Structure formats: structure tokens, C-alpha cells
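Since the structure comes first, as C-alpha cells, the remarks are kept for the end.
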Amino acid sequence: GAPPPTLPPTPAPPTAPDLSVAGSARVASPDVPTLGGRMSFAWRILRAQPDNSSATTNTTNASISHSNNSTAARRHEYQDEHHQQHDGRRQQSGGSAPSGEAASHPDDVIEWTLGARVGEYASVGFSPSAMNGPMVTCTVEAASGRPFCSDWMGVGLLMTYMPPMSHVVNASVAGSWFTVTVRQRVRDARAEAGRKQRLIVAVGPYDTAANVPLQHGGGATDRNELSVDAYAGRVFDDAWVLHVVAGVAVGVLAAGFIGVGAVLNFKRIVLGPRASRAAGVATCVFFVVLVGLYTVLNYAAYATGLKAQPLGRALGDGAAVCLWFVLYPVPKHAGVAQLLGSSYERAVPYHLLVGVMVFVMATAHLIVIAVKMPDPGRELFLWRGEHPALAGFVAWALLAVIVGSSLLLRRGGVLVFRLP
């Protein structure tokens with residue numbers, strides 16, 4: 001008979017790129033502790049030469065030597081594409097290139113120094129939204145000092161194992177803390193020059209046997225996101241100013257509105273029926289505008305800080321503001337009511353308005369967050385991570401019961417609970 005068919009040879013497993021030889025640092029970031037001290041990170045940009053020579057063009061440039069001319073030719077090709085991308089972005093923004101941006105190159109190397117507790121992983125990567133983009137994840141075995149690193153690509157909230165794109169330089173263990181230095185090409189890490197980028201970091205348990213991080217290992221995973229400029233070595237933490245502005249603006253406007261009512265009360269100025277109704281409508285409109293202003297300012301703060309889902313977060317903040325006020329008429333001798341010369345009974349309609357707004361804002365918050373999930377029907381009922389989706393869903397369901405029972409049952413008998 002015919003000879004048995006021959007199988008194609010098994011391909012060799014992919015190997016990590018050799019980035020052991022790199023030049024001096026173009027820029028270096030400070031060491032950044034994050035996640036409550038569970039992780040730290042820093043990075044350096046090691047500049048690539050546009051040719052195969054070892055000479056540097058200036059004191060900040062560095063060289064990366066290669067063993068063949070094909071790599072150098074490929075580097076030129078990437079350089080042209082990289083410069084075209086940055087030129088297009090500068091034209092759209094109407095600005096000029098920062099110093100050194102024209103010399104940036106996709107074969108530049110970004111060197112991460114990651115630290116975390118032994119037995120956990122440290123993960124870092126540039127991501128425009130959610131977990132979209134590449135991440136490198138590393139840990140170090142305590143007994144042997146052996147590093148374990150893996151590369152991942154995120155799409156939405158899902159992570160996919162990738163062929164090696166990183167090169168481990170060194171690793172060490174000191175007590176219960178490990179440090180590992182790992183390099184990536186800038187094009188693989190998707191670091192860009194001359195602009196702020198969203199950087200996501202994560203820490204949690206690591207399975208060294210499978211060389212994979214346990215993303216949701218026993219709820220011990222923690223994450224954070226920061227705004228950085230890779231080629232300037234800067235970490236931005238200025239978005240908190242806008243959050244403070246939002247809180248101060250709401251506080252000042254609310255205090256001013258209450259102050260007007262207090263002045264009318266102490267001056268013994270009594271409003272007639274028509275003026276009283278107008279004041280009631282003005283109070284309702286003012287509160288809606290106040291919540292809207294707070295939501296918009298917090299959205300601007302999240303967007304400035306390149307946070308994921310800025311609209312969903314801002315809507316959650318708006319719901320929280322409503323919760324501040326929803327209990328205002330519950331005490332039968334509220335200080336604010338006495339200050340304004342009002343009463344428990346007259347405050348009940350405002351309690352109803354604020355309660356409905358809590359439910360509306362919370363529902364919008366839930367919808368905006370859920371539509372970003374790859375599989376909302378499943379993920380809404382999972383308890384994992386720092387902010388479990390199931391907890392939010394249960395909170396919303398209980399709120400729906402409270403608001404629904406108020407509108408259908410308790411509203412007609414509210415005065416039953418009014419005692420002298």
C-alpha cells in the first residue's frame with residue numbers, strides 16, 4: 001500500500017524578543033507606589049537609533065544594536081509610519097510637537113520595573129478604555145528567584161494570551177517583595193510620545209505552574225488606572241482638583257439657597273400661596289440643576305483623568321448626591337426645616353422628588369455600566385473583583401423595591417407615621 005501520510009513538523013514555540021542590548025535612557029519616571037502599597041512601577045524609554053550604528057545623536061538618545069540589516073530596514077519602515085501618525089495627531093490638535101517627539105521611534109524600548117508581594121503578580125499596560133490593549137504580567141518565585149512573565153491582549157474586559165512580546169532583564173526577591181525588570185518595544189506596548197495616555201495596573205494571585213495570572217483569584221485582585229506621558233516620564237494626578245471643584249460648587253450653591261430661605265424666615269417674610277408655589281417649583285428646579293452640574297463636573301474630572309467609563313462613574317456620583325438629600329425630611333425635627341421655617345409635612349414632596357431622582361440616576365448608572373460588559377446577562381450576576389457587579393445589581397433591585405412601594409403603597413399613608 002501507499003506510505004502513511006507525513007505530518008508537518010511541529011512549529012517551535014514562540015520565543016521572547018531579544019531586547020537585552022539597549023542604549024541609555026531617553027527619560028525615566030519616578031517610582032510610583034499604587035494599589036495601597038501592594039504594587040509599585042516605574043519605566044524608562046530606551047531610544048533606538050535610525051540606523052545600525054552605535055553612535056548616539058545627542059546625550060538623550062540611545063542605541064540598540066542589531067545583528068542583521070533586515071531588522072534595521074524594518075525599523076526604518078516603522079519609523080516612517082510612526083512619524084506620519086504623530087504628524088496627523090499634531091495637525092488635528094493644532095499644536096506643535098514636544099521636544100524630542102520627532103525623534104521618537106517604534107523600535108524604542110520601554111523598560112518596566114515592577115514590584116509586588118511574593119506570590120502575587122504585577123501587571124501594567126496602556127489601554128484607551130476598559131482593558132483594551134496589551135499588558136505584561138510578571139511575578140518572581142520566592143525560592144528560586146525565577147521570574148515568570150506573560151503577555152496579554154485585552155478586548156473589552158476579556159484578556160487573551162499572546163505570543164511573547166517582552167524580555168525579562170533581571171529579577172530579585174527581598175523579603176516578601178519581588179522586583180522584576182522587563183522590556184518591550186514601544187510599538188508592542190503602544191506607548192506614544194507627546195500625549196497623555198491611560199495606564200492600567202493590576203495585582204493579584206499568580207499561577208506559576210500555568211504561568212498565568214488569576215484575574216479573579218478569591219477576590220484578591222486589585223486594579224487602578226492612571227494618566228501618564230510615557231516619553232516625559234510623568235504621572236498626572238490633577239483630576240482630583242475637578243472633583244474638589246464639583247463638591248465645593250454643590251456645597252456653595254446649596255448653602256446659598258438655604259441661606260436665602262433662612263433670611264426670609266428670620267425677617268418674618270411670609271410668602272403668599274402663589275409665591276409659595278413658585279418657591280416650591282424653584283426649589284425643585286434648583287435641585288435638579290444642582291445634581292446635573294455635579295454630574296457634569298465629575299464627568300469632566302473622569303475624562304481628564306482618562307478613567308474608564310467616565311459617564312457611568314459620573315452618573316453614580318449623581319445618584320450619591322441625591323442620597324445625601326433623600327433622608328432630609330425623615331427626622332421630624334430637622335434642623336434645616338426649622339432654619340427655613342418649614343415643617344415635616346411640607347418636606348415630604350421633596351423627599352419624593354429626590355427619591356425618584358436617586359432611582360433614575362442609579363438606573364442610568366447601571367445601564368451605562370452594563371452595556372459596556374461583553375456579556376451583561378452573565379456578568380451582572382458575578383461576585384468578583386473590587387467592585388462586584390452583583391453588589392451593584394442587588395443594590396439597584398432593592399432601591400427599585402423601595403421606590404416602587406413608596407409610589408404605590410406608602411405615599412397614601414405617609415401621615416400615619418407622623419407622631420407629635
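The values are calculated or read from the model by the stated rules, or taken from the named source; none is laboratory data. If you're wondering where the values come from, they're calculated on a predicted model, not measured in any experiment. Positions of Cβ are backbone-derived with ideal geometry, glycine not excepted, and every protein chain shown enters the neighbour counts. These area figures cover heavy atoms from the full protein model, side chains too; ligands, DNA and RNA do not enter into them. Shrake-Rupley method; radii C 1.70, N 1.55, O 1.52, S 1.80 Å.
In debye, nearest 20: dipole of the stretch 109-232 around its Cα centre with unit charges on the Cβ of K, R (+) and D, E (-)? Write down the numbers at each step before the final one.
Values: 10 positive and 10 negative charges, 54 e Å.
Using only the charged Cβ atoms, the result is roughly 260 debye.
Set Lys and Arg Cβ to +1 and Asp and Glu Cβ to -1, take the dipole of the stretch 237-372 about its Cα centre, and tell me which of Val356, Ile269, Ile367 lies farthest positive.
Of the listed residues, the answer is Ile269.
For a quick size check, give me the Cα extents of the stretch 104-249 along its three principal axes, largest first, whole Å.
54, 38, 30
Go ahead and run the numbers for FRET between Val360 and Ala391, Cβ-Cβ distance against an R0 of 22 Å, rounding to 0.05.
Here the calculated transfer efficiency is 0.65.
Determine the gain in length on full extension of the stretch Ala210-Leu398; use 0.36 nm per residue of separation and subtract their C-alpha separation, reporting nm with one decimal. Intermediate results must be reported in sequence, preceding the final value.
Details: separation 188, 0.36 × 188 = 67.68 nm, distance 4.10 nm.
Once the chain is fully extended between Ala210 and Leu398, it gains 63.6 nm.
What is the extension gain from Phe381 to Trp324, computed as 0.36 nm multiplied by their sequence separation minus the C-alpha to C-alpha distance, in nm to one decimal? If you can, show how the numbers build up before the last one.
Details: separation 57, 0.36 × 57 = 20.52 nm, distance 2.77 nm.
Value of the extension gain: 17.8 nm.
Per residue, how much accessible surface does the stretch 116-171 expose to a 1.4 Å probe? Answer in Å², no decimals.
Solvent-accessible surface per residue comes out at 39 Å².
Calculate the spin-label point distance for Arg268 paired with Ser406, positioning each point 7 Å from the Cα along the beta-carbon direction, and give it in nanometres.
3.7
If I model the stretch 237-372 as equal point scatterers sitting on the Cα atoms and use the Debye formula, what is log10 I(q)/I(0) at q = 0.13, 0.21 Å⁻¹?
Here log10 of I(q) over I(0) equals -0.62, -1.25.
So if each residue of separation counts as 0.36 nm, and I subtract the Cα-Cα distance between Arg234 and Met373, what length gain in nm does that give?
On the way: separation 139, 0.36 × 139 = 50.04 nm, distance 3.10 nm.
Taking 0.36 nm per residue and subtracting the Cα distance, the gain is 46.9 nm.
Would you grab the residues whose amide H sits under 5 Å from the one on Arg234? Only those 5+ places off in sequence or on another chain, please, with H modelled 1.01 Å from N.
Here Asp229 satisfy the definition.
I need the calculated FRET efficiency for the pair Ala142 and Val248, taking r as the beta carbon distance and R₀ as 56 Å, to the nearest 0.05.
Working: r = 48 Å, r/R0 = 0.85.
The pair Ala142/Val248 has a calculated efficiency of 0.70.
Using modelled backbone amide H atoms (1.01 Å from N, in-plane), which distant-in-sequence or interchain residues come within less than 5 Å of Ser129's amide H?
Placed amide hydrogens put nothing under 5 Å from Ser129.
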